[in-house]
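Beneath this line is the structure, given in structure tokens, with notes to follow.
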């Protein structure tokens, strides 16, 4: 399968469910499940891409603490190349505590840690140029990569014909759009959720908000819209709505990251844009069915089985494409 370089926040999530309320004082409650996972628009997507069969390399800044060592160990279990992870001495690894509500909502208690310290000189451009695609997750968390030296890295990648995919980690804000401005013309696919897109642009209609980004140079936008699936917006083409898959929602953590991984997998396998997004939607449904951003997805075959069960024609097309890519 294809090789994907993933740049951006690699976090450790500590999740517990179900949490209806935080006990007062030093009270306690008994939960059904607690898990620790690699997460973030970098780390979570990297794990999902590896599960789907991609060769993955990670680029991020982490701390020299127990959580950093745990993160590296977990990535190695999925065969991910961690050479590009930079350990910052004396700093903490980014992490989040997520008390998951019974309906799957996920308030977050977050420590940004070392992730903002990643510098352009920390990123091996040669390694990026060896990839078939680059996913830049959470560029707003690594502002030094949006300085001229960092933008030059992505310009080099784009000039080599390697597609660049971008998503956000934090809620969208107008100032984030200004921060991203030099990166926008280099993005092939921008992949936020609907709330991020609205916050970023100040436009409520997701299609019009996406078109605003197209006008600023973005190649295309795939915006996830929760239980309604995703909307694909490209220049000179009518918007396409891609359905969500039925699922029992346990935890929505990482659904967007899994959508990104699935869609990238589909596009690199030669699937049509709509079919690639359908893979993304299936990945999101699987992840929502368990606790943590690495839940639900076992491998590409499992994702294809879910698609075939609801969309037999699309499932056959996608299976043929991905099988051909595997054989190649």
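Note on residue 20 and residue 320: their simple-model spin labels are 5.2 nm apart, each label 7 Å out from Cα toward Cβ.
What percentage of all Cα-Cα pairs in segment 148-218 are separated by more than 18 Å? Write out the running numbers ahead of the final one.
On the way: 858 of 2485 pairs.
Above the 18 Å cut-off, segment 148-218 has 35 percent of its Cα pairs.
Here the ratio of the Cα radius of gyration of segment 180-232 to 2.2 N^0.38 Å is 1.02. Extension gain, residue 159 to residue 204, is 12.8 nm, computed as 0.36 nm per intervening residue step minus the present C-alpha separation.
So for segment 44-185, what percent of the C-alpha to C-alpha distances run longer than 20 Å?
On the way: 5188 of 10011 pairs.
When every Cα pair of segment 44-185 is considered, 52 percent fall beyond 20 Å.
Approximating the spin labels as points 7 Å out from Cα along Cα→Cβ, the residue 175-to-residue 29 distance works out to 3.4 nm.
Each principal axis of the chain carries a Cα extent, and these read 58, 47, 43 Å when sorted largest first.
The Cα atoms of segment 284-327 define a convex hull whose projected area, averaged across directions, is 3.2 nm².
Would you mind calculating the gained length between residue 73 and residue 129 on full extension (0.36 nm times residue separation, minus the Cα-Cα distance), in nm to one decimal? Provide the component values of the computation, followed by the final result.
Values: separation 56, 0.36 × 56 = 20.16 nm, distance 2.56 nm.
In short, 17.6 nm is gained.
Between residue 151 and residue 86, the contour length at 0.36 nm per residue exceeds the Cα-Cα span by 21.5 nm.
Compactness of segment 84-150 is given as radius of gyration and Dmax, 15.3, 46 Å, from Cα positions.
Scaling the Cα radius of gyration of segment 49-106 by the globular reference 2.2 N^0.38 Å produces a ratio of 1.34. Rounded to the nearest angstrom and listed largest first, the equivalent-ellipsoid semi-axes of segment 198-272 from its Cα gyration tensor are 22, 17, 11.
If R0 is taken as 22 Å, the Cβ-Cβ distance between residue 64 and residue 119 corresponds to a FRET efficiency of 0.85.
Here the peptides 241-249, 13-21, 269-277, 164-172 are ranked by packing, the mean other Cβ count within 10 Å, and the order with the highest first is 164-172, 269-277, 13-21, 241-249. Every Cα-Cα pair in segment 151-280 was counted, and those over 20 Å apart are 42% of them.
Building the convex hull from the alpha-carbon atoms of segment 235-301 and averaging its projection over directions returns 4.8 nm². Exposure proxy for 286, 71: other Cβ atoms within 10 Å of each Cβ, ordered fewest to most, give 286, 71.
Every number here is computed from the coordinates shown, using simple stated rules; none is lab data. It should be emphasised that the depicted structure is a prediction, and the values quoted were computed from it without experimental measurement. Note that each Cβ is placed from the backbone with ideal geometry, even for glycine, and that neighbours are counted across all protein chains shown.
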